[in-house]
Amino acid sequence: MENKFNLTREQNVFVAKRNIVDYIWKSANLEGIGVTYPETQAIYDGGVVNGLTVDKIIAINNLKYAWQFILENEGIDYDFKALSHLHKLTCDKLVLDQDLGRLRTTPVNIGGTNWKPQFPIESQIKEELERLLNQEEKTKTEIAIEVMLWIMRRQMFIDGNKRVGMLFANKIMIDNGCGIITISQENQPTFFEKLIKFYESGDNTDLKQWIYDTSIDGIDL
């Protein structure tokens, strides 16, 4: 699985900033936060949007702050600490304070399937993450997709796992000039269908290839 794009970090940051509202809008809807693109743009610009719940406005602003963290901090390690910080940013004021950045201690149900994720144990999470990140035979693009899917399936946080997974993966992508992972509105039904199958089987092969084929944005220079 080759890198589709070979950019400098500066070039990749430029691409991300140019399309940031679009990425936030798609990511929000992927997590079931129903907002339109114009509403996302208005919230991003600090405007007033009537008819939206407070939680939706908070969620969009949180994604904005999380993206700013990724784009403005090149030297942050890819570790559990960074993962936890991204959860704090994306879920601030949306979950209880004691759950921010901490592994969940309660069971969760996954819509569309009877499959239930195991409880996360910090030592195991750190070990699994390190193993995924240090696959020297794989490109950064493939590693980023695998890490994203692992975070989504691991369901380590009480909420926001898809948002955190995509943000963490995009930090890897951007820092290595590989483009941006973003799932278009029209592709989201297919994504969820494949995601459920991945949850149940634990085999990421089909979903990983589909994301590679359909969901990586960038520019050729």
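Restricting to the stretch 62-90, count the residues that are part of a helix (DSSP H, G or I), more than 17 Å from residue 23 (Cα to Cα) and not small (Gly, Ala, Ser). Can you show your working first?
Going residue by residue through the stretch 62-90, those that are part of a helix (DSSP H, G or I) are 62-72, 80-90.
From what is left, the residues that are more than 17 Å from residue 23 (Cα to Cα) are 80-85, 87-88.
Now drop any that are not not small (Gly, Ala, Ser), which leaves 80-81, 83, 85, 87-88.
Of the residues in the stretch 62-90, 6 are part of a helix (DSSP H, G or I), more than 17 Å from residue 23 (Cα to Cα) and not small (Gly, Ala, Ser).
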**Asked** So is residue 64 modelled with pLDDT of 95 or more, within 15 Å of the chain's Cα centre (by Cα) and more than 17 Å from residue 165 (Cβ to Cβ) or not?
**Response** yes
**Selected residue (criterion: nearest to the chain's Cα centre (by Cα)) from residues of the stretch 172-186 that are surrounded by fewer than 16 Cβ atoms within 10 Å (Cβ to Cβ) and part of a helix (DSSP H, G or I)** = 185
**Complete:** Sole miss for residue 38 among (1) surrounded by 13 or more Cβ atoms within 10 Å (Cβ to Cβ); (2) farther than 28 Å from residue 209 by Cα is condition (1)
**Item:** Per-region count, the stretch 131-141, residues part of a helix (DSSP H, G or I) and touching a residue at least 40 places away in the same chain (Cβ under 8 Å)
**Value:** 3
**Fill in**
Scanning the stretch 67-90 for residues that are under 13 Å from residue 133 (Cβ atoms) and aromatic (Phe, Trp, Tyr), the one modelled with the lowest pLDDT turns out to be 78
**Request:** Could you please find all residues in the stretch 41-61 being outside any loop (DSSP other than H, G, I, E, B) and either among the small types (Gly, Ala, Ser) or under 21 Å from the mean Cα position of the chain (by Cα) (or both)?
**Result:** 41, 42, 43, 44, 55, 56, 57, 58, 59, 60, 61
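Residue under question is residue 153, and the condition is that it be in contact with a Ser or Thr (Cβ under 7 Å, 6 or more places away or on another chain) and closer than 23 Å to residue 59 by Cβ; does it hold?
On the way: in contact with a Ser or Thr (Cβ under 7 Å, 6 or more places away or on another chain): no; closer than 23 Å to residue 59 by Cβ: yes.
So residue 153 does not fit the description; no.
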**Message:** I'd like to verify a number: residues in the stretch 1-40 that are free of Cβ contacts under 8 Å to residues at least 12 places away in the same chain and outside any helix (DSSP H, G or I), how many?
**Reply:** 2
**Item:** Selection count, the stretch 198-221, where residues are exposed (fewer than 14 other Cβ atoms within 10 Å of the Cβ) and over 18 Å from the mean Cα position of the chain (by Cα)
**Value:** 8
**Prompt:** Here are some residues: 72, 31. Which one is within 21 Å of residue 180 (Cβ to Cβ), loosely packed, with under 12 Cβ neighbours inside 10 Å and of a type outside the set (A, V, I, L, M, F, W, C)?
**Reply:** 72
**Message:** So in the stretch 161-210, with the set limited to residues that are in contact with a Lys or Arg (Cβ under 7 Å, 6 or more places away or on another chain) and of a type in the set (D, E, K, R), which one is farthest from residue 63 (Cα to Cα)?
**Reply:** 206
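The values are calculated or read from the model by the stated rules, or taken from the named source; none is laboratory data. Predicted, not measured: the structure shown is a model, and the values here were computed from it. For neighbour counting, all protein chains shown are included, and Cβ atoms are generated from backbone atoms with ideal geometry for every residue, glycine included.
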